[in-house]
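Trainee: Would you mind keeping the following structure in view while I ask a few things?
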Amino acid sequence: MIRKAIRGVKLSRKEIERIKLKRLRWILKYVYKNNSFYKNRFKEAGVDVDKIKSVEDLQKIPFTTKEDLRKNYPLGLSCVPKEKIVRIQMSGGTTGQPVIVPYTRKDVDQWKEMVLRAFYIAGITSKDVIQITPAFGLWNGGFGFHFAADEINAFVIPIGAGNTRNQIRFMKDFGTTVLCATASYPLRIAEVAEELGVDLKSLPISKLLLGAEPWTEEMRRKIEELFDAKAYDIPGLTEMGGVGTVGFECPLRNGLHMWEDNYIVEIVDPKTGEVLGENEKGEMVYTALNREAMPLIRFRSGEVSALIGYEKCECGIEHMTVERIKGRTDDIIIYKGVKFYPSDVESILASYGITQYKIEVGSRVKILFEGSEDLKDKIESDIKEFIGFKPILEALPKGSLERSRGKAKRLVKV
Ligand SMILES: [Zn+2]
């Protein structure tokens, strides 16, 4: 499987186009035949799956939303009989009905293969000691990393979430070289390491694979400095099979390369649903081409990104390039006509060394941060200049804001 994963990374543009179209035509017929939800949806929209001749034709097909998944709980969107399902995972949702994603054996293998592509690009081998800090449970966090790390016969520490002191202890005692985590967790580790008097730079960690939430370049600089290691962005969402399935960061940091032979990625205007051109910010829409239990067609992810292009990258990869995910459409804040994402505020705060913050949005925007009082004026003028509004700022002593175990909750609507 490792060889297969490497071949996938190295596909030429021509091969990608060929596989993509072939799989698209196949998957549309497959869901039509095996799932009544899609059958009805296509019929209502007047879509004849036999007439889909190009990737552009996909635009004729309606979107699948998180709401569709909720309504069809538990397994209404599955295309296989229950006997073929080998596991389920659950997707993060706000309230109500959980979103369940079923896997067949082939789907688990696909997940593993995609994470192996990431390992190959990051140069992770059997010699590595891989500490997996996302949770092992219904939230998909830890398993993809685990499957791939196990496949290459690395030294795996499947520690899961929480107990930061133990995490640091294991890093020291077993000489962890690769840390898999949510993007905000390394900062928490750094705080506890400081309390314990452990110098993270002295540990053998050389790579961090960080995903599951958007993080900025400023945060990357901070993490890389703290750990004296390289941090990679690993995108992925449960609905598409978990962290690490859809793509991986370009090793030259030109953006994210999305595995087009496995997923068609469209970036659409969140309001009109129209497909956008290069460099236009919009919502990522995924079509799973190579999954069996629940391949979603044109799934609206809520992730915000922009297309960079389809040209061969300087790193040699010929899969499409998109911008790193900046936020979620539901996180966008519109305040007095100014649109911005929590990550825009984060960039400014990080430039003053602030990593712990919370944004409260009500009739005014209030930013609480852990840091010194005299930074308030500077931050205020930066936010005014670069984002375009005047926030209320509150400086708090270190340790005042709640620390998260998984994804950080930075935005609160009050
Ligand atoms: Zn590249």
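Trainee: Among bridges DSSP assigns within the range 273-414, what percent are antiparallel (round to 5)?
Mentor: Bridges in the range 273-414 that DSSP calls antiparallel: roughly 65 percent.
Trainee: Taking N as the number of residues in the range 169-308, what is its Cα Rg relative to 2.2 N^0.38 Å?
Mentor: Here the Cα radius of gyration is 1.22 times the empirical estimate.
Trainee: Right, here's the next one. Taking amide H atoms as placed 1.01 Å from N in the peptide plane, list the residues 5 or more away in sequence, or in a different chain, whose amide H sits under 5 Å from that of residue 139.
Mentor: Amide H to amide H, under 5 Å and 5 or more residues apart or across chains, residue 139 pairs with 90.
Trainee: What does DSSP give for the chain in terms of the percent of beta bridges that are antiparallel, rounded to the nearest 5?
Mentor: For the chain, the DSSP antiparallel bridge percentage is about 60.
Trainee: Determine the per residue accessible area of the chain with all protein chains present and a 1.4 angstrom probe, expressed in square angstrom.
Mentor: About 44 Å² of surface per residue is accessible.
Trainee: Here's something else I'd like to know. Would you please give the residues with an amide H less than 5 Å from that of residue 356, counting only those at least 5 places away or on a separate chain, with H modeled from the backbone geometry?
Mentor: Placed amide hydrogens put 370 under 5 Å from residue 356.
Trainee: Going by accessible area, probe 1.4 Å, with all protein chains left in place, what is the ranking of 336, 376, 172, largest first?
Mentor: Accessible-area ranking of 336, 376, 172, largest first: 336, 172, 376.
Trainee: Please give, to one decimal in nm, the separation of the simple spin-label points placed at residue 33 and residue 60, each 7 Å out from Cα toward the Cβ.
Mentor: Rounded to a tenth, the inter-label distance reads 2.0 nm.
Trainee: Now a separate question. Against the globular-protein guess of 2.2 N^0.38 Å, express the Cα radius of gyration of the chain as a ratio, rounded to two decimals.
Mentor: The reported ratio for this selection is 0.99.
Trainee: If the viscosity is 1.567 mPa s and the temperature 4 °C, what translational diffusion coefficient in µm²/s does Stokes-Einstein give for the range 289-392 when Rh comes from Kirkwood over Cα pairs?
Mentor: 78 µm²/s
Trainee: Still on this structure, I have one more. Which whole-Hz ³J(HN,Hα) couplings does the range 255-267 yield from phi under the Karplus relation 6.51 cos²θ - 1.76 cosθ + 1.60, θ = phi - 60°, glycine and proline marked x?
Mentor: Karplus-based 3J(HN,Hα) across the range 255-267 equals x, 9, 9, 9, 6, 5, 6, 10, 9, 8, 10, 10, 10 Hz.
Trainee: What percentage of all Cα-Cα pairs in the range 1-51 are separated by more than 17 Å?
Mentor: Distances greater than 17 Å cover 52 percent of the Cα pairs.
Trainee: At a 1.4 Å probe radius, carbon and sulfur cover how many percent of the accessible area of the range 166-324?
Mentor: 45 percent
Trainee: Then there is this: Between the helical axis of 217-227 and the dominant principal axis of the chain, each derived from Cα atoms, what acute angle in degrees is found, rounded to the nearest 10?
Mentor: 70 degrees
Trainee: Also, I was wondering about something else. For residue 236, list long-range residues whose amide hydrogen, built 1.01 Å from N in the peptide plane, is under 5 Å from its own amide hydrogen.
Mentor: Correct list: 212, 244.
Trainee: Per residue of the range 114-131, in order, report the coupling 6.51 cos²θ - 1.76 cosθ + 1.60 (Karplus, θ = phi - 60°) as ³J(HN,Hα) in whole Hz, putting x for Gly and Pro.
Mentor: Result, rounded to whole Hz: 5, 5, 5, 4, 4, 4, 4, 4, 7, x, 8, 10, 4, 6, 7, 9, 10, 9.
Trainee: For the modelled label position 7 Å from the Cα of residue 254 along Cα-to-Cβ, which residues of the range 322-338 have backbone nitrogen atoms closer than 11 Å?
Mentor: From the range 322-338, the list is 322.
Trainee: State the extension gain, in nm to one decimal, for the chain segment bounded by residue 172 and residue 202, taking 0.36 nm per residue of separation less the distance between their alpha-carbons.
Mentor: Here the segment from residue 172 to residue 202 would lengthen by 9.9 nm.
The values are calculated or read from the model by the stated rules, or taken from the named source; none is laboratory data. Small disclaimer: the values here were computed from a predicted structure and weren't measured. Cβ atoms come from the backbone with ideal geometry, glycine included; neighbour counts cover every protein chain shown. When the accessible area is computed, the model is the full protein with side chains, heavy atoms only, and any ligands, DNA or RNA have been set aside. Shrake-Rupley method; radii C 1.70, N 1.55, O 1.52, S 1.80 Å.
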